[in-house]
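Asks: Next up is a structure, given as structure tokens.
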Amino acid sequence: MGIDTGLDIVIYGAGAIGSSVAAWLAPHHERLALLARGDHARAMKEKGLVFYLAGEEKRTLHIDVIEDLSERPPADVVILAVKNYDLENAAADIRSKAGDPVVVGLQNGLLNQTVLPKYFSRVIYGIVYFTAWRDAPGIAGASEKGLILLGVLDGDTELQAIMTDISRIFNRGFSARIVPDIKSAAHNKLILNLTNGLLTLVGHTRREIQSIAVMRELMVNTLLEGVTIVKRAGYKEVKTPHNPGWRDLRILSKLPGFITDRIFRNTLDTLYTNSTAQDIFQFRRDRTELESLNGAIIRLADSLGIAAPYNRTIYRLCRERFGNPDFEPLDERDVLAEVRKSL
């Protein structure tokens, strides 16, 4: 199947990532639709999607917005941009109404590699390396334009050709590249996402961090645990721009605080509100991706006999507190005290 701008493309899910991808691709693809629901869908139908990059002016894009796949003929390509906790229902909905299109899954973690092949014969996996958010119904923004890594789980020649075409489509709107080992790439991104729960737990961007040294210890060791687990499981490092490499993390863990704390504070100040924090604080959801991120790394650690005290403690504290409607962030020093009980 040759992919070109004449094919029907549906972006299924109009959260922060789906809205961003739609904003970047819609000017280049006349037959692109964004599936959205609720207030966000109504606002975009009435006034368009207001979108912006951090530090830049907002612009309004008029995109074809649908609320159900039955509103149009089956799409050739479905870019699936829902979160992991909605993935199974979304996949079933697509299968029942659109048959077996090419599906591009843009989820964090590893769950889509298990769920999507149950429903579709042609799946391309996309790993997102930018932060995005929704300010209000009809208004979304992103930290930067791209990057998305693309890959497939096997060497199917037809799927490789389709993926090349998908990559060309994406690169008209933002940066995308194909990686040969998508499993390793997904595990590398999983490592980076392990701090989502921690940053939400301590209320990053919502309260003043009292001890940079403590936050550095928590974040670096949480990530290093992930590196140890992923490496022991046989996956390789996949380097991406602007993200710390495995060797960088090990060096950072050994340098004295007077060298690293100022750099770390500057790094912390540049981090946007992550998707877990958006679920908890902005949308007041009772579901997050904790199970598919820290939960996934803990299950992998269990299979390898690795202790992982930082991730286990953060996972436990998040599970205990995120379900509470009156949740208030913890002091990072209290989180570290809980970790040290298990060291």
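The values are calculated or read from the model by the stated rules, or taken from the named source; none is laboratory data. Being a predicted model, the structure only gives us computed values, none of them experimental. Neighbour counts are summed over all protein chains in view; Cβ atoms, including those assigned to glycine, are modelled from backbone coordinates with ideal geometry.
Asks: Looking only at region 280-338, how many residues end up being acidic (Asp, Glu) and assigned to a helix (DSSP H, G or I)?
Replies: Result for region 280-338: 5.
Asks: Could you check region 302-321 and list, in sequence order, the residues that are farther than 17 Å from residue 188 by Cα and in contact with a Gly (Cβ under 8 Å, 6 or more places away or on another chain)?
Replies: Passing the criteria: 314, 315, 318.
Asks: Right, something else. From the list 334, 279, pick out the single residue that is of a type in the set (D, E, K, R) and either touching a residue at least 12 places away in the same chain (Cβ under 8 Å) or closer than 29 Å to residue 113 by Cα (or both).
Replies: 279
Asks: Just wondering, is there one or more residues in region 174-181 that are aromatic (Phe, Trp, Tyr), buried (at least 19 other Cβ atoms within 10 Å of the Cβ), within 21 Å of residue 23 (Cβ to Cβ) and in contact (Cβ under 8 Å) with a residue 24 or more places away in the chain?
Replies: No, there is no match, as no residue in region 174-181 is aromatic (Phe, Trp, Tyr), buried (at least 19 other Cβ atoms within 10 Å of the Cβ), within 21 Å of residue 23 (Cβ to Cβ) and in contact (Cβ under 8 Å) with a residue 24 or more places away in the chain.
Asks: Taking region 165-205 only, how many residues are basic (Lys, Arg) and either touching a helix residue (DSSP H, G or I) at 6+ places or on another chain (Cβ under 6 Å) or more than 22 Å from residue 144 (Cα to Cα) (or both)?
Replies: Residues that pass the stated criteria total 2.
Asks: Right, another one. Does region 284-301 contain any residue that is in contact with a Gly (Cβ under 6 Å, 6 or more places away or on another chain), under 26 Å from residue 151 (Cα atoms) and of a type in the set (Gly, Ala, Ser)?
Replies: Yes, that holds for at least one residue.
Asks: Might you let me know whether region 281-290 holds any residue that is in the same structural domain as residue 322 (by TED's automatic domain parsing), charged (D, E, K, R), surrounded by fewer than 22 Cβ atoms within 10 Å (Cβ to Cβ) and at positive phi?
Replies: Yes, because at least one residue in region 281-290 is in the same structural domain as residue 322 (by TED's automatic domain parsing), charged (D, E, K, R), surrounded by fewer than 22 Cβ atoms within 10 Å (Cβ to Cβ) and at positive phi.
Asks: Out of all the residues in region 117-140, which are hydroxyl-bearing (Ser, Thr, Tyr), under 20 Å from residue 176 (Cα atoms) and touching a helix residue (DSSP H, G or I) at 6+ places or on another chain (Cβ under 6 Å)?
Replies: 125
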